[in-house]
Amino acid sequence: MPLSEQEQRLLDEMERHLMHNDADVVSASRAGKSLSYRNIVYGSILVLVGIAALIVGISSSLIIVGVIAFLIMVAGVILAVTPSRTASAPRADAGTKKASPAPQSSGSFMDRMNERWDRRNDKG
């Protein structure tokens, strides 16, 4: 079913708005989070230890060892992807300055979308 002219314009507007805001979100998230190489190394080591423990658990048919190994691997991944506190603290201020104008424009955009939705439902 093809889109009507109004729906096509709405879709185009939503795409433009998403592209504009998506760039803001990406730059704000990169500015606020900085991965620490130390955390990545320690997390990788934990994942490797977990894999080794999982192999030991499977070969010895001990379920508890496998469960503990899985938890060790999850903890290693969480540690590896967690940003360092010292690196993200100074940059967090820069990220909030960039992100503050975006919610105002997205609020008005969402209000317009809600109004359009209400009008469309009232007609039908």
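Does the range 5-24 contain at least one residue that is more than 30 Å from residue 109 (Cα to Cα), assigned to a helix (DSSP H, G or I) and modelled with pLDDT of 80 or more? Among the residues of the range 5-24, not one is more than 30 Å from residue 109 (Cα to Cα), assigned to a helix (DSSP H, G or I) and modelled with pLDDT of 80 or more, which makes the answer no.
Residue count for the range 25-44 under the criterion of being modelled with pLDDT under 85 and in a helix (DSSP H, G or I): the result is 8. Taken over the range 72-88, residues that are surrounded by 12 or more Cβ atoms within 10 Å (Cβ to Cβ), at pLDDT below 80 and in a helix (DSSP H, G or I) amount to 2.
The values are calculated or read from the model by the stated rules, or taken from the named source; none is laboratory data. As the structure is a prediction and not an experimental result, all values here were calculated from the model. Quick reminder, even Gly has a Cβ in these numbers, built from the backbone with ideal geometry, and neighbours come from all protein chains shown.
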